[in-house]
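The values are calculated or read from the model by the stated rules, or taken from the named source; none is laboratory data. Keep in mind that what you see is a predicted model, and the values were worked out from it rather than measured. Cβ placement follows ideal geometry from the backbone for every residue including glycine, while neighbour counts extend to all protein chains displayed. These area figures cover heavy atoms from the full protein model, side chains too; ligands, DNA and RNA do not enter into them. Shrake-Rupley method; radii C 1.70, N 1.55, O 1.52, S 1.80 Å.
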Amino acid sequence: MTGVGGTVVAHTERLTTGGPIMTTTAPAAVLAAAVPTAAVTTATAAAFPTTVRSYHLGAGSGLDRLSLRTARPRPPGPGEVAVAVRAVSLSFRELLVLRGQYVLPVKPDLVPVSDGAGEVVAVGPGVRWARPGDRVTATLFPYWRDGRLAADLLPQLGGSLDGMLTELAVLPEQALLPVPAHLSYQEAATLPCVGLTAWNALTGDGRGVRPGETVLTTGSGGVSLFALQYAHALGARVIATTGSPAKERRLRELGADEVVNYRDRPDWHTAVRELTGGRGVDRVVDTAGSLEQSLKSLAVDGHLALVGSVSGDWPPLDPRLLFGVAATVRAVAVGSHAQFAAMNEFLAEHALRPVVDRVFPFEEAAAAYDYYERAEPLGKVVIAVG
């Protein structure tokens, strides 16, 4: 089948492993061999499949090398859970993997995409809480439970470990969390990367956003939209930036108190200063790598959460800007399982819903990638799997 921006090649391959597998980059204590099907609990769930389709990709190979394969699934081993994936979502991270620019290791012949949600269909021996029929999603870093990120916790789905662009994912139970009851699978699939990154950016420094503070979000990408919604619900005044007049109204609907168009005001930090009476904002969530203007927007003792640079540009930074406002700059690396759980509680408490721009069928995954890269969507691009 052919998709926009790349050819998807469908073929059948007999594999005994099937689905996402924990590779030797994972901690040895959590690696487990497959067990006989008889040891697997599947009661009350959707039927365990006899074949599974998964997309495969080589790092930096581009969409022309995205292939759809059919394989035999493996049952979950000790401590593992088989999840029938219902939806996945794309983020800028997936474009970096596609281009060979991702900062962490990427395994060859990868099942891509870190973010997904689905239904438990089978559990292996020793699984404590997950049961067939449960609605779940998984953390991007399956082994990062809480506390500080460390080198041995860096294995990540859709990178050094196979990801979620598959009909069946076999995952360690410790990576999973229940889906908030008010969210659909498609909405829940948007949470693991950008949703959690935004939550960490606002709350992960120990102090967090407080009611009455002012938060600046840059642009209208996935992290920025989540940060806007979270900050508004946390009681902050929110200033958002965008280069699109058409997006200004939607940003206000989502909770932005003020919107600055950076095309009309290339010196947008000056506009932010004006909107705060010269004081500046308490926190910036910077997704564009525009550090100089972000720092110039900060109040004294302000916090800058650096998420990345969607433009790919990293302009030089004058250290005097840091000292000028006694700023704290923190690079945000998604978040832990504990932070994910706290975020889910917050989502449920405030009945917040992720913004979804468009949904593609599983067979049109290449078209979804292409749309995400070219269309500048307002909200998440989701692939419906089952």
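What to note about this one:
- Among the residues of the range 137-172, those that are open to solvent by 20 Å² or more (accessible area, probe 1.4 Å) and either of a type in the set (S, T, Y) or in a loop (DSSP other than H, G, I, E, B) (or both) comprise R145, D146, G147, R148, L149, A150, L154, E167.
- Against the conditions (1) assigned to a loop (DSSP other than H, G, I, E, B); (2) at pLDDT 95 or above; (3) open to solvent by less than 60 Å² (accessible area, probe 1.4 Å), G219 satisfies every one except (2).
- Here Y143 passes the criteria (1) out of contact with any strand residue (DSSP E or B) (no Cβ under 9 Å at 6 or more places or on another chain); (2) over 27 Å from H350 (Cα atoms); (3) aromatic (F, W, Y) except the one numbered (1).
- For the range 324-340, filtering for residues that are out of contact with any Leu (no Cβ under 6 Å at 6 or more places or on another chain) and either under 18 Å from Q186 (Cα atoms) or part of a loop (DSSP other than H, G, I, E, B) (or both) leaves 3.
- Whenever a residue of the range 272-300 is within 13 Å of I239 (Cβ to Cβ), its partners that are assigned to a helix (DSSP H, G or I) and among the aromatic types (F, W, Y), lying with C-beta atoms within less than 7 angstrom and at least six residues away or across chains, give the pairs Q293/W268.
- Single unsatisfied condition, N200 versus (1) out of contact with any Leu (no Cβ under 7 Å at 6 or more places or on another chain); (2) part of a loop (DSSP other than H, G, I, E, B); (3) open to solvent by less than 20 Å² (accessible area, probe 1.4 Å): (2)
- Residues of the range 111-129 classified as surrounded by fewer than 23 Cβ atoms within 10 Å (Cβ to Cβ) and hydrophobic (A, V, I, L, M, F, W, C), total: 3
- Yes/no for V97 being touching a Pro at 6+ places or on another chain (Cβ under 7 Å), under 25 Å from V223 (Cβ atoms), modelled with pLDDT under 95 and open to solvent by less than 10 Å² (accessible area, probe 1.4 Å): yes
- Looking only at the range 97-115, and only at residues there that are in a loop (DSSP other than H, G, I, E, B) and among the aliphatic types (A, V, I, L, M), the one that is nearest to the chain's Cα centre (by Cα): V113
- Residue check for V179: more than 25 Å from L352 (Cβ to Cβ) and among the β-branched types (V, I, T): no
- The residues on offer are L168, L96, and the sole one that is aliphatic (A, V, I, L, M), touching a residue at least 60 places away in the same chain (Cβ under 8 Å) and out of contact with any Cys (no Cβ under 8 Å at 6 or more places or on another chain) is L168.
- Among the residues of the range 340-386, just one is among the acidic types (D, E), over 17 Å from the mean Cα position of the chain (by Cα) and open to solvent by less than 60 Å² (accessible area, probe 1.4 Å), namely D370.
- No other residue among G18, G58, G79, G5 is modelled with pLDDT of 65 or more and at positive phi apart from G79.
- Within the range 173-185, being open to solvent by less than 10 Å² (accessible area, probe 1.4 Å) and over 20 Å from G386 (Cα atoms) holds for one residue alone: A175.
- Filter result for P192 (more than 26 Å from D267 (Cβ to Cβ) and in contact with an Asp or Glu (Cβ under 7 Å, 6 or more places away or on another chain)): yes
- Within the range 307-333, considering residues that are modelled with pLDDT of 90 or more and within 17 Å of Y102 (Cβ to Cβ), the one most open to solvent (accessible area, probe 1.4 Å): A331
- Screening G235 against (1) under 26 Å from E373 (Cβ atoms); (2) touching a Gly at 6+ places or on another chain (Cβ under 8 Å); (3) part of a loop (DSSP other than H, G, I, E, B) leaves a single unmet condition, (1).
- Subset of the range 58-73 [more than 24 Å from the chain's Cα centre (by Cα), in a loop (DSSP other than H, G, I, E, B) and either surrounded by fewer than 22 Cβ atoms within 10 Å (Cβ to Cβ) or free of Cβ contacts under 8 Å to residues at least 12 places away in the same chain (or both)]: R72
- Qualifying positions in the range 271-295 - open to solvent by 50 Å² or more (accessible area, probe 1.4 Å) and more than 28 Å from the chain's Cα centre (by Cα): R273, E274, L275, G277, R279
- Conditions (1) in a helix (DSSP H, G or I); (2) at pLDDT 95 or above; (3) open to solvent by 10 Å² or more (accessible area, probe 1.4 Å); (4) not hydroxyl-bearing (S, T, Y): number failed by R249: (2)
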